Amino acid sequence: MTSGLLELCGITVSFDGFLALRDLNLNLQPGELRAVIGPNGAGKTTFLDVITGKVAPSEGDVLFKGRSLLGRPEHRIARLGIGRKFQSPRVFEQLTVRENLALAVSRPKQPWTLLIGGLRSSQRDRVQHLMSIVNLQKRADWLAGALSHGQKQWLEIAMLVGQDPDLLLVDEPVAGLTDEETDLTADLLKSLAGDHTVLVIEHDMEFIRRLDSPVTVLHQGHVLCEGTMDQVQVDPRVIEVYLGTTEDDSK
Amino acid sequence: MMKAFQQRRWALVILWVLIIAAIVAAPSVLPVFRLNLLGRFLALAIVALGIDLIWGFTGLLSLGQGIFFALGGYAAAMYLQLNSSEDLLNGIPEFFTLYGVDRLPAFWQPFHSPLFTLVAIWLIPGVLAALLGNLVFRNRVKGVYFSILTQAALLVFFNFFNGQQKLINGTNGLKTDVTQLFGQMVGSPEMQRGFFWVTAVVVIFTWLFVRWVVRGRFGDVLIAIRDDEPRLRFAGYNPTLFKTLVFAIAGGLAGIGGALYTVQSGIVSPQFMTVPFSIEMVIWVAVGGRGTLVGAILGAVFINYAKSLVSEAMPQSWLFIQGGLFILVVTALPEGVIGWFQGDGPRNLLNRLGMSRRSGTYPRLELDGQEEIQP
């Protein structure tokens with residue numbers, strides 16, 4: 001196995017005996033765009049929790065750029081270059097769009113530097129650029145809480161990009177978006193791949209098809225199969241877990 | 001636009017001139033008793049500013065600020081006691097002889113130095129707050145559990161100080177009004193006038209300092225902690241560090257407030273660490289308006305003034321009024337008085353009374369952020 005940007009080796013997560021993930025293996029190469037699908041309860045979100053340090057696995061190891069992430073607090077993992085977008089948009093609602101993005105692009109993220117100085121002009125330009133990507137320039141001084149659902153989704157994606165991570169973990173980016181917004185989001189994620197490694201978790205099959213990327217199917221905490229969307233869709237095991245076991249047919 | 005800005009600026013200049021004039025003139029206008037009360041309440045406003053920083057901005061509701069308040073008070077009182085007891089038996093404060101102590105406890109020694117005392121007033125409470133805070137924040141104790149822990153810590157300190165007669169005169173506390181400073185009695189009108197001015201200046205500088213802290217990205221991080229702390233971690237920030245820092249700042253401010261309160265009230269005692277008093281501090285900020293800073297100052301001063309006026313007229317009724325005030329703020333004015341004025345409060349009230357011009361549409365509904373709908 002070639003060493004990738006991110007390697008999950010035999011991850012098992014147990015919640016009081018319930019195995020949310022069991023012996024999960026996954027390998028991501030730098031610059032790759034990967035989609036992860038799976039039915040409800042397949043462990044998709046838990047799998048992101050493990051990578052970002054929110055949940056500690058009971059077995060296995062997570063390697064990022066060859067270094068183990070286990071035992072590191074969330075903010076250190078984030079500083080190593082892993083950004084995460086949550087399932088429901090999580091932006092800081094009492095801050096303006098501009099302030100949200102300023103926090104994302106700020107570096108270093110230490111109290112003293114935040115206290116004594118403002119944003120550098122390169123960082124201000126970056127905030128402007130991010131707002132133009134997600135079309136929020138006119139909302140720059142709005143409180144994020146006043147944005148629509150779709151705009152919050154995009155603001156969060158912009159914040160994620162502003163962190164300039166090597167690996168973007170994107171959890172259901174198009175939930176609740178219009179078709180047009182969904183298409184734009186797909187294009188945005190595709191344009192990010194290459195410079196960044198992007199891992200997308202999504203339910204929306206049309207969206208995944210549009211991403212045109214390798215797909216990993218999770219089922220009951222385990223990788224069921226990997227392949228292109230077309231391969232995956234005809235895989236009998238995938239059909240089985242998505243449509244339920246066909247007991248009637250076997251009779 | 002430019003004109004409005006100019007007007008605003010002039011209004012601010014006039015406001016500051018009025019404030020400074022009021023501070024300078026207060027001693028000649030107010031009787032000594034009232035001036036002394038005002039000075040004490042301004043000292044409490046310093047504590048309230050710290051609470052606004054940790055609660056209003058960062059969302060940490062501490063019910064234990066009395067600890068830091070009392071520590072600042074004790075630091076000041078210990079220096080004053082030592083400063084006035086050189087001629088006494090063994091050169092130690094008088095109360096020690098009551099308990100048969102003839103040697104100064106070691107931790108009193110550094111308080112011979114005025115410089116050490118000036119630093120200790122804010123540094124000791126600040127460091128203690130940092131230690132307590134870090135312990136709690138590191139274990140991700142949040143919300144109401146944090147509040148309960150701070151209250152428990154308050155009770156621990158209260159009981160400890162109450163029981164230590166041989167160290168700090170226990171429940172009797174340390175008196176400061178009959179002590180000497182610069183060769184004068186601390187309780188004398190001249191000294192009290194001086195303390196009033198010092199307190200007023202410290203309040204202004206504290207306000208400027210806290211405002212500087214909450215403006216800019218540091219303040220944005222605090223608000224982000226209040227909004228969604230886990231999310232902030234994934235953005236690469238360490239909330240524990242920021243929370244520890246602001247809790248330490250609030251602790252240090254409470255210490256300064258405690259010291260200035262002590263020299264104006266004439267005594268520091270474990271009564272500073274009672275549970276109701278620390279809850280009152282939170283009420284001042286809630287009534288004044290969380291996250292407004294000015295609200296914290298006005299809340300502390302006006303509620304305490306009301307308290308003393310009401311208590312003089314109808315001694316039994318204040319607790320009912322205070323309780324009613326708190327219920328009113330929680331139910332009708334969650335933003336507090338200043339927050340209400342800064343927000344949509346006045347317009348909403350006029351709307352309800354049917355006295356405002358109807359707006360053509362909902363206030364925030366705009367087409368694309370720029371063009372407004374014509375009514």
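The values are calculated or read from the model by the stated rules, or taken from the named source; none is laboratory data. The model shown is predicted, which means the values in this text are computed figures rather than measured ones. We place every Cβ from the backbone using ideal geometry, glycine too, and count neighbours over all the protein chains shown.
Tabulated data for the structure shown
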read-out: Number of positions in the stretch B:228-272 that are part of a helix (DSSP H, G or I) and more than 14 Å from every other protein chain (Cβ to nearest Cβ); value: 19
read-out: Residue within the stretch B:154-166 that is surrounded by 22 or more Cβ atoms within 10 Å (Cβ to Cβ) and within 13 Å of chain A (Cβ to nearest Cβ) present; value: no
read-out: Qualifying residue in the stretch B:209-226 (condition: outside any helix (DSSP H, G or I), within 14 Å of chain A (Cβ to nearest Cβ) and without any contact (Cβ under 8 Å) to a residue 60 or more places away in the chain); value: yes
read-out: Listing of helices (runs of 4 or more DSSP H) fully contained in the stretch A:29-117 that carry 2 or more residues being facing another protein chain (nearest Cβ under 8 Å) and modelled with pLDDT under 90; value: A:111-116
read-out: Identity of the residue in the stretch A:144-163, out of contact with any Leu (no Cβ under 7 Å at 6 or more places or on another chain) and facing chain B (nearest Cβ under 10 Å), that ends up farthest from A:PRO89 (Cα to Cα); value: A:GLN163
read-out: Qualifying residue in the stretch A:121-135 (condition: assigned to a helix (DSSP H, G or I), closer than 27 Å to A:LEU48 by Cβ, more than 12 Å from chain B (Cβ to nearest Cβ) and in contact with a strand residue (DSSP E or B) (Cβ under 8 Å, 6 or more places away or on another chain)); value: no
read-out: Residue that is out of contact with any helix residue (DSSP H, G or I) (no Cβ under 9 Å at 6 or more places or on another chain) and at pLDDT below 85, where the choices are B:ASP87, B:ASP102; value: B:ASP87
read-out: Checklist (1) at positive phi; (2) surrounded by 17 or more Cβ atoms within 10 Å (Cβ to Cβ) applied to B:ASN90, failing item; value: (2)
read-out: Any chance B:VAL203 is more than 9 Å from chain A (Cβ to nearest Cβ), among the β-branched types (Val, Ile, Thr) and within 22 Å of the chain's Cα centre (by Cα); value: yes
read-out: Residue that is of a type in the set (A, V, I, L, M, F, W, C), under 28 Å from A:LEU5 (Cα atoms) and out of contact with any Cys (no Cβ under 8 Å at 6 or more places or on another chain), where the choices are A:VAL134, A:VAL62; value: A:VAL134
read-out: In the stretch A:136-149, the residues that are in a helix (DSSP H, G or I) and surrounded by 21 or more Cβ atoms within 10 Å (Cβ to Cβ); value: A:ARG139, A:ALA144
read-out: Selection within the stretch B:84-95 - in a helix (DSSP H, G or I) and in contact (Cβ under 8 Å) with a residue 24 or more places away in the chain; value: B:PHE95
read-out: Hey, B:LEU253 touching a residue at least 12 places away in the same chain (Cβ under 8 Å), among the aliphatic types (A, V, I, L, M) and closer than 18 Å to B:LYS142 by Cβ or not; value: no
read-out: Answer from B:LEU123, B:LEU132, B:LEU128, B:LEU104 - the residue that is surrounded by 14 or more Cβ atoms within 10 Å (Cβ to Cβ) and not in a helix (DSSP H, G or I); value: B:LEU104
read-out: Given (1) of a type in the set (A, V, I, L, M, F, W, C); (2) farther than 25 Å from A:ARG126 by Cβ; (3) in a helix (DSSP H, G or I), number of the condition A:VAL13 does not satisfy; value: (3)
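For (1) more than 19 Å from B:MET281 (Cβ to Cβ); (2) in contact with a Ser or Thr (Cβ under 9 Å, 6 or more places away or on another chain); (3) touching a residue at least 40 places away in the same chain (Cβ under 8 Å), each residue gets a yes or a no:
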{"position": "B:THR97", "(1), (2), (3)": "yes, no, no"}
{"position": "B:PRO110", "(1), (2), (3)": "yes, yes, no"}
{"position": "B:GLY126", "(1), (2), (3)": "no, no, yes"}
{"position": "B:LEU135", "(1), (2), (3)": "yes, no, no"}
{"position": "B:LYS142", "(1), (2), (3)": "yes, no, yes"}
{"position": "B:THR150", "(1), (2), (3)": "no, yes, yes"}
{"position": "B:LEU155", "(1), (2), (3)": "no, no, yes"}
